[in-house]
1. Can you find a residue that is touching a residue at least 12 places away in the same chain (Cβ under 8 Å), in contact with a strand residue (DSSP E or B) (Cβ under 8 Å, 6 or more places away or on another chain), surrounded by fewer than 20 Cβ atoms within 10 Å (Cβ to Cβ) and within 20 Å of residue 62 (Cβ to Cβ) anywhere in region 187-194?
2. Look at residue 115 and say whether it is free of Cβ contacts under 8 Å to residues at least 60 places away in the same chain, in contact with a strand residue (DSSP E or B) (Cβ under 9 Å, 6 or more places away or on another chain) and over 26 Å from residue 5 (Cβ atoms).
3. Could you please tell me which pairs satisfy a Cβ distance under 9 Å, a separation of 6+ or placement on different chains, a first residue in region 1-14 that is surrounded by 11 or more Cβ atoms within 10 Å (Cβ to Cβ), and a second residue that is at pLDDT below 95?
4. I'd like to check which helices (runs of 4 or more DSSP H) are fully inside region 101-207 and have at least 2 residues that are modelled with pLDDT of 95 or more and over 21 Å from residue 64 (Cα atoms).
5. Which strands (runs of 3 or more DSSP E) does region 1-96 wholly contain that include 2 or more residues that are at pLDDT 95 or above and over 20 Å from residue 133 (Cβ atoms)?
6. Against the conditions (1) in contact (Cβ under 8 Å) with a residue 60 or more places away in the chain; (2) buried (at least 21 other Cβ atoms within 10 Å of the Cβ); (3) under 25 Å from residue 189 (Cβ atoms), where does residue 36 fall short? Just the number, please.
7. Look at region 103-148 and say how many of its residues are touching a helix residue (DSSP H, G or I) at 6+ places or on another chain (Cβ under 6 Å) and surrounded by fewer than 18 Cβ atoms within 10 Å (Cβ to Cβ).
8. Cβ contacts < 6 Å: first residue farther than 16 Å from residue 119 by Cβ, restricted to region 146-168; second residue part of a helix (DSSP H, G or I), any location; separation 6+ or different chain. Result?
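The values are calculated or read from the model by the stated rules, or taken from the named source; none is laboratory data. Since we're looking at a predicted model, the values are computed, not measured. Cβ: placed from backbone, ideal geometry, glycine included. Neighbour counts: every protein chain shown.
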């Protein structure tokens, strides 16, 4: 099997969410990542949106790498069918390893864990530790508001209140569906000319 041209890290939930639209978006994102020739990096679980994104990529013939902390693996929710599954000691190690291998970061709807992972990686972008795209999939349910509309409005509020510089507000991108999210990822790669697949500063974090 040929190595993927790039790796997309997806942050998402171990829960399924209240609407079938969330699992559908997760499965579609995994499938489209594989169809574009990219590899999927994610949290290694087999439940909820995490399971759906992994299964979507695997069903499309993609390579999927999971990183799961031992405390979560012990609950027997680790995915057994991945290309690679890395078991690490802590949540911090998980985030660092995912960050070191990824060329882009995409967040599906989720809760505390998803927001923690995504916002930490955006903070690293603000600090210029990396220059990799950070995209929210702002899923809509039954034609209503996007899942992340409130968060995006809050970020605009923080700019107005002087806590985020206007140029750094653009570090968080948003798209309504998985296909558009990956279009944004690819556009950002082109605009930034070269996104390093391996940043030595992230190695220091992993160690």
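1. First, pick out the residues of region 187-194 that are touching a residue at least 12 places away in the same chain (Cβ under 8 Å): 188-189, 192.
Next, only the ones that are in contact with a strand residue (DSSP E or B) (Cβ under 8 Å, 6 or more places away or on another chain) stay: 188-189.
Still in the running and surrounded by fewer than 20 Cβ atoms within 10 Å (Cβ to Cβ): 188-189.
Imposing the further condition that a residue be within 20 Å of residue 62 (Cβ to Cβ) reduces the set to 189.
Looking for residues that are touching a residue at least 12 places away in the same chain (Cβ under 8 Å), in contact with a strand residue (DSSP E or B) (Cβ under 8 Å, 6 or more places away or on another chain), surrounded by fewer than 20 Cβ atoms within 10 Å (Cβ to Cβ) and within 20 Å of residue 62 (Cβ to Cβ), one finds at least one in region 187-194, hence yes.
2. Numbers: free of Cβ contacts under 8 Å to residues at least 60 places away in the same chain: yes; in contact with a strand residue (DSSP E or B) (Cβ under 9 Å, 6 or more places away or on another chain): yes; over 26 Å from residue 5 (Cβ atoms): yes.
Criteria met by residue 115.
3. 6/195; 6/197; 7/197; 14/72; 14/77
4. Working: elements: 112-126, 149-160, 166-169, 178-191, 200-206.
Because the criterion is at least 2 residues that are modelled with pLDDT of 95 or more and over 21 Å from residue 64 (Cα atoms), the helices (runs of 4 or more DSSP H) in region 101-207 that meet it are 112-126, 149-160, 166-169, 178-191.
5. Working: elements: 7-11, 39-42, 64-69, 84-88.
By residue number, 64-69, 84-88.
6. Residue 36 satisfies all of (1) in contact (Cβ under 8 Å) with a residue 60 or more places away in the chain; (2) buried (at least 21 other Cβ atoms within 10 Å of the Cβ); (3) under 25 Å from residue 189 (Cβ atoms) except (2).
7. The qualifying residues number 3.
8. Close Cβ pairs satisfying both conditions: 166/159.
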